[in-house]
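Colleague: Dumping the structure here so I can ask a few things about it.
The values are calculated or read from the model by the stated rules, or taken from the named source; none is laboratory data. Bear in mind the structure is a predicted one, so any value in this text is a computation, not a measurement. No Cβ is skipped: glycine too gets one built from the backbone with ideal geometry, and neighbour counts run over all protein chains shown. All accessible areas refer to the heavy atoms of the entire protein, side chains included, with ligands and DNA or RNA removed. Shrake-Rupley method; radii C 1.70, N 1.55, O 1.52, S 1.80 Å.
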Amino acid sequence: MLFNSFIFIFIFLPVTLFFFHLAGKSGYKRIAIAWLVVASLFFYGWWNIYYLWLIIISIIFNYIVGVYLQKSINKKFILIFGIVANLALLLYYKYANFFVENLTIFFENQIFIENIALPLAISFFTFQQIGYLVDIKKGLKTNYSFLNYCIFVSFFPQLIAGPIVHHRQMVPQFIQDTIYKVRSKNLVIGFTIFTLGLFKKVLLADNAALYADPTFSLAETGIPISFFDAWLGVLAYSFQLYFDFSGYSDMAVGLARMFGIYLPINFNSPYKSTSIIEFWRRWHITLSSFLRDYLYIPLGGGRRGGGRKMLNIMITMVIGGMWHGAGWLFLLWGGIHGLYLVINHM
């Protein structure tokens, strides 16, 4: 179910909003949250009901690991176990096909494996929960109820396209009484931001795709493309990608605001950047923050000398590239951006 689909805008969203605010206004806060969790899981299952079990098991597993992590003396072992389990799930569903294809080419022997469909949003909810477990290991207070943990992971506005949210940003908001009161200000502001995002997605990104898609389709067939058509396709794709992501980011913020929830800004005019460093502070802001806090800094950041700093930047960006997709081009893309950042830091 896409944010720009009629069934989402005219059925799912109004029904979800109505019953959430009805239950909250009547004083049934836990029922309101439970309703929002069920609605979010329904939203996720609409894409593929057979993968609904995946996010449910992931939520239950990580919550249990988090409980044991808080009580255990040997926190390091439990944390490693939790991270490995999460990454194993992500690697299997996102990269198994990629590994098999490359092993087949390398050994020149066909390896048969059923094509594995990529579950929706698996990268987002996996990273969020890894961050949650790491924070418990650091000693941060996370005594959340299972219901509050469920809504932190599954909240539908940010589930499929981000932002990658932090539990300290989300759970305290759902505990506040103010979100259960219908406020016209939140509804109007949220609807306005959502509409602007919808405009970017439908009228700008989707129309740019009409020029970009034919160009890339011709390139795949090997048909020669003229200089003008090639540049038109590349520029159209640049704007398609820009307004698609910007539009979804705005729609997520707007949808959350209708429920009285503030999501972090995830997109801030990155094409206005004057350096590659500034670009990554503006493009997919929450992913950049996550990679910085949970990968770059734990690797040592810039504390161990210039050479180690540059290596850590490269590792972080290569992994960031692989996060976007399974393929050598994503690996190359991450490496190129890592190289740009290294040069920019010199």
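Colleague: With the Cα gyration tensor of region 4-97 giving a ≥ b ≥ c as the square roots of its eigenvalues, does the rule (a/c under 1.5 for rounded; else a/b larger than b/c for prolate; else oblate) give rounded, prolate or oblate?
Modeller: Oblate, because a/c is 1.5 or more while a/b does not exceed b/c.
Colleague: When the chain is treated as a GNM, springs tying every alpha-carbon pair under 10 Å, which of I261, I225, I78 comes out with the largest mean-square fluctuation?
Modeller: Its mean-square fluctuation being the largest, the pick is I225.
Colleague: Something else: Expressed as cubic angstrom per residue, what is the convex hull volume of the alpha carbon set of the chain?
Modeller: Considering the Cα atoms of the chain, their hull volume per residue is 171 Å³.
Colleague: Let me ask something else. Below 8 Å, C-alpha to C-alpha, sequence gap of six or more: please give me the relative contact order for region 1-92 in percent.
Modeller: 17
Colleague: Related question: What FRET efficiency would be calculated for the residue pair I343, N74, taking the C-beta separation as r and a Förster radius of 41 Å, to the nearest 0.05?
Modeller: 0.45
Colleague: Under a cut-off of 16 Å between alpha-carbon atoms, report the lysines in cross-link reach of K137, not counting same-chain residues fewer than 8 places apart.
Modeller: K137 reaches K71, K75, K76.
Colleague: Follow-up question, since we're still on this one. Got the relative contact order for region 184-323 handy, in percent, Cα pairs under 8 Å and 6 or more residues apart?
Modeller: Dividing the mean separation by the residue count of region 184-323 yields 23 percent.
Colleague: Can you tell me which of 315-323, 292-300 comes out highest on packing, and rank the rest after it, using the mean Cβ neighbours within 10 Å?
Modeller: Listed from highest to lowest mean packing, they are 315-323, 292-300.
Colleague: Is the shape of region 1-43 rounded, prolate or oblate, going by the alpha carbon gyration tensor and its root eigenvalues a ≥ b ≥ c, with a/c under 1.5 for rounded and a/b larger than b/c for prolate?
Modeller: Since a/c reaches 1.5 but b/c is at least a/b, the shape of region 1-43 is classed as oblate.
Colleague: Then there is this: Taking only protein heavy atoms and a 1.4 Å probe, what accessible area per residue, in Å², does the chain have with all protein chains in place?
Modeller: The answer is 53 Å² per residue.
Colleague: I've got another one for you. For the chain, what is the calculated [θ] at 222 nm in deg cm²/dmol (nearest 500), taking -39500 (n - 2.57) for each run of four or more DSSP H residues and dividing by its residue count?
Modeller: For the chain, the value works out to -23000 deg cm²/dmol.
Colleague: Does region 262-346 come out rounded, prolate or oblate, given a ≥ b ≥ c as the square roots of the eigenvalues of its C-alpha gyration tensor, rounded meaning a/c under 1.5 and, failing that, prolate meaning a/b above b/c?
Modeller: Cα axes put region 262-346 in the rounded bin.
Colleague: How much accessible surface area, in Å² rounded to 10, belongs to the heavy atoms of F239 with a 1.4 Å probe?
Modeller: 100
Colleague: Using the alpha carbon gyration tensor of region 33-157, what are the three equivalent-ellipsoid semi-axes (square root of 5 times each eigenvalue), largest first, in whole Å?
Modeller: 30, 21, 9
Colleague: What's the carbon and sulfur percent of the chain's accessible surface, probe 1.4 angstrom, rounded to a whole number?
Modeller: Here carbon and sulfur together make up 70 percent of the probe-accessible area.
Colleague: Normalising by the residue count of the chain, find the relative contact order in percent from Cα pairs under 8 Å and 6+ residues apart.
Modeller: So the answer I get is 15 percent.
Colleague: Would you kindly state the longest site-free stretch of the chain, with sites defined as GluC sites (Glu not before Pro) in a DSSP loop (not H, G, I, E, B) surrounded by at most 10 other Cβ atoms within 10 Å?
Modeller: The longest such stretch corresponds to 115-346.
Colleague: Another question, then. Taking Cα centroids, how far is region 178-224 from region 119-170 in Å?
Modeller: Using only Cα atoms, the two centres lie 25 Å from each other.
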